[in-house]
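Here's the structure, in structure tokens; my notes come after.
Just so you know, all these numbers are worked out from the coordinates, no wet-lab data involved. This structure is a prediction, so every number in the text was calculated from the model and none was measured. Heads up, the Cβs are rebuilt from the backbone with ideal geometry, glycines too, and the neighbour counts pull from every protein chain shown.
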Amino acid sequence: MTARVTGALTGVLATVLLAGCGTPDPANQAASPSPAVPAAASPAATSEAATETPLTAGPDETGPDETGADETGAADQSGGRNAADVTFARQMIPHHLQALEMARLAETRAGDPWVREFAAKVATARDTDMRTFRDWLDMWGAEPLPRDHAMPGTQTRAEIEALAKLNGPQFDRKYVTLMIEHDNGAIKLARAEQAEGAFEGAKALAVATTTALGAEVKELKKYRALLD
């Protein structure tokens, strides 16, 4: 496995530990002992990640359609990748950027420390993965999809703006609900890569993503049950 993949797997697998965090405390306190994960990305770091990523597809997009897929999906022997691999990387950058955007909102609007801590871990893991996806797209001569491109699990601009107007418990409930949808959408994209991709690194990262985000969804559902 390449160095790029190793770095990405380190970031995405860290979130698997969320499943072992225990049951969140409904009394608006930190839910459980923090898992041994890297320190949360600073606002400057996550802002840099969003700034550095192109928000629109460039003129050299791969293939005739907006996903970057060609008609055959055949593997490119020069890099061991096929159209599904390119599509996966192009999709996951804007998908992760939206998770980062919601995480930044949680820094100042969440009422429960558990929500802020969870969002910080999400930001760290997604930033690591996006760096790997960017490296692959640079190698393949492709660009990410537009930032607000509709994909499984992504929210509309109106939904993100509505979230930004909430604070405290109202924000916590809405953030958790949106993140469950968001993670399930990313899992769907990762499973498509596992089934159709050819590039070893992308397929390995897709497996790790499915595992890590599945753990996130379980933890988020535990927390949301305490709010009902």
Dipole in debye (nearest 20) - the range 117-162, about Cα centre, beta carbon charges: Lys, Arg +1; Asp, Glu -1: 40 debye
Positive-end residue of Ile187, Phe133, Gly111, charge dipole of the range 85-189 with Cβ unit charges: Gly111
The range 89-173: relative contact order as a whole-number percent, Cα under 8 Å and 6+ apart: 47 percent
Label-point separation in nm, Val207 to Glu107, each point 7 Å along Cα→Cβ: 3.5 nm
Cα gyration tensor shape of the range 147-228, rounded if a/c is under 1.5, else prolate or oblate by comparing a/b with b/c: oblate
The range 157-215: trypsin sites (Lys or Arg not before Pro) in DSSP loop, at most 16 other beta carbons within 10 Å: Lys165
For the range 98-228, size of Cβ-based charge dipole, Lys and Arg +1, Asp and Glu -1, in debye: 380 debye
Efficiency of FRET between Leu227 and Arg157 - r from beta-carbon atoms, R0 22 angstrom, step 0.05: 0.30
FRET efficiency estimate (nearest 0.05) - Cβ-Cβ, Arg191 to Gln170, R0 35 angstrom: 0.60
